[in-house]
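The values are calculated or read from the model by the stated rules, or taken from the named source; none is laboratory data. Computed from a predicted model, the values in this text were never measured in an experiment. So basically every Cβ, Gly included, is an ideal-geometry build from the backbone, and we count neighbours across all protein chains shown. For accessibility, only protein heavy atoms count, side chains too; no ligands or nucleic acids. Shrake-Rupley method; radii C 1.70, N 1.55, O 1.52, S 1.80 Å.
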Amino acid sequence: MFNTLSDWLAGANESREAENCCMFDMPIHSSSLATKFPRMLGQGRRNDGFPLRHVEAAAKSSCFFVPHYKIPSRYTGFVSKFDQTCSSSVMAEQRNLGFLSEPQPEEYSKELDVAVRAVQMACSLCQKVQENLISKARSNNQVHSKDDNSPVTVADWSVQAIVSWVLAECLGSENISILAEEDVQTLSKSDASGLLEVVVKTVNECLAEAPQFGIKEPKSALGNSEVLEIISRCNSVGGPTGRFWVLDPVDGTLGFVRGDQYAVALALIEDGEVVLGVLGCPNYPMRKEWLSYHHRYHRIISKLTPPTSETWNKGCVIYAKRGSGKAWMQPLLNVNKKFVWPNHARQVSVSSIDNPALATFCEPVEKANSSHSFTAGLAHSVGLRKQPLRVYSMVKYAAIARGDAEVFMKFARAGYKEKIWDHAAGVIIIQEAGGVVTDAGGRPLDFSKGVYLEGLDRGIVACAGAKLHENIIDAVDASWGSSSL
């Protein structure tokens, strides 16, 4: 017998793994169906510290498989697509127990839930492809070059197909517009049939595991034309009005092919403003202590150590939505486990360090599109003395959002234009985690101008706090005239 909602939730959580046979498809957003589901808003917390309001987003689309549990009637409400209500007596009881404050808006919760699952699936795919790349020493049919000589892999196209498919299946294809980095031109060429076959095989292997992430798999394997069509849907050009998703399927492809850091980055933009962001960082461990070890050592140890939710020694997914004032981090899904929201998520926040002498700054690994010499001089003038954290991709944004570093600076070389998919997800995550991101003139980044961050003033500065940010901006103004950028 459960005395409190916390007791019931703890018991239900323990029984989830034993009740896989009870999984069924529940179209919870259908107005014709009403389903009993816990109503938990506000700041209530379970005994293990996980926010109760994370649980109610576990099933918000007909593409999800939802576990069925016998829920004590006094803790249930009816949930449908357009109406989520709970009896006044239940709400009053929950408030008395401290589990419910005032109802809070749940805007973008469904989209965030779907986006996190899509990124989790994409990360699982990337891990397998990266292992294959490393074991085969970057075989010729796995890595190709784009027009700008940057590498593109089977993972880039495959992730783009997976994310496009998941968003369309769970949110409705008529509601989905995606601006993404890769196109289908290379895959569509007559001499690329072998490459296309590898991509299609990779996509279907990932989709076969969709139920593990709470998503219905397709009734049959996708063919070549279907995969090409799914990838080609990502043809949005962005702009100041309407809603569109921004995807970088493998941000930091060079790091990816080297077996190093990379990220899967997905963001939703509405009327020119980023409203949610998800960063999947498969090689960025949950535990900060693991950062002191080289990623290859971490990968070896991870294989030798049985993966459990308690070890936290694997990659992570970080996410946030606009106006929440919070960012969350959850581990990548373990092999042979099922995704149950919130998947051991915990809140993350930026560092409280505002003394430049104690702060760590991030900068890109590659020098092709940024100036290490200028950022190094700038860091010295501000008083940053610690060794910089050089990592590939938007993992830099993740590092600041969860307090592993305090400053990220990027000043592009002349002629290089920053693309919105390289920053959108990371910017909102840092902001909701308590940090500040602007251009070098102190202005917010503008995501309403299409593919590029048009009007960017010199570079990008992301900081854990306003004081550090002000110091960096002042130093840029003082040093810019002597730079060669």
When you look at Lys467, is it open to solvent by 40 Å² or more (accessible area, probe 1.4 Å), charged (D, E, K, R) and within 21 Å of Val365 (Cβ to Cβ), yes or no?
no
Whether any residue in segment 284-293 is assigned to a strand (DSSP E or B), crowded, with 24+ Cβ neighbours inside 10 Å, within 17 Å of the chain's Cα centre (by Cα) and at pLDDT 85 or above is what I want to check.
no
Is it the case that segment 242-250 has a residue that's touching a residue at least 40 places away in the same chain (Cβ under 8 Å) and over 19 Å from the mean Cα position of the chain (by Cα)?
yes
Selection from segment 471-485 of residues surrounded by 14 or more Cβ atoms within 10 Å (Cβ to Cβ) and at pLDDT 90 or above yields Asn471, Ile472, Ile473
Number of positions in segment 163-204 that are among the polar types (S, T, N, Q) and either open to solvent by less than 30 Å² (accessible area, probe 1.4 Å) or on the phi > 0 side of the Ramachandran plot (or both):
2
Give just the number: which of (1) surrounded by fewer than 22 Cβ atoms within 10 Å (Cβ to Cβ); (2) touching a residue at least 24 places away in the same chain (Cβ under 8 Å); (3) assigned to a helix (DSSP H, G or I) does Gly239 not satisfy?
(3)
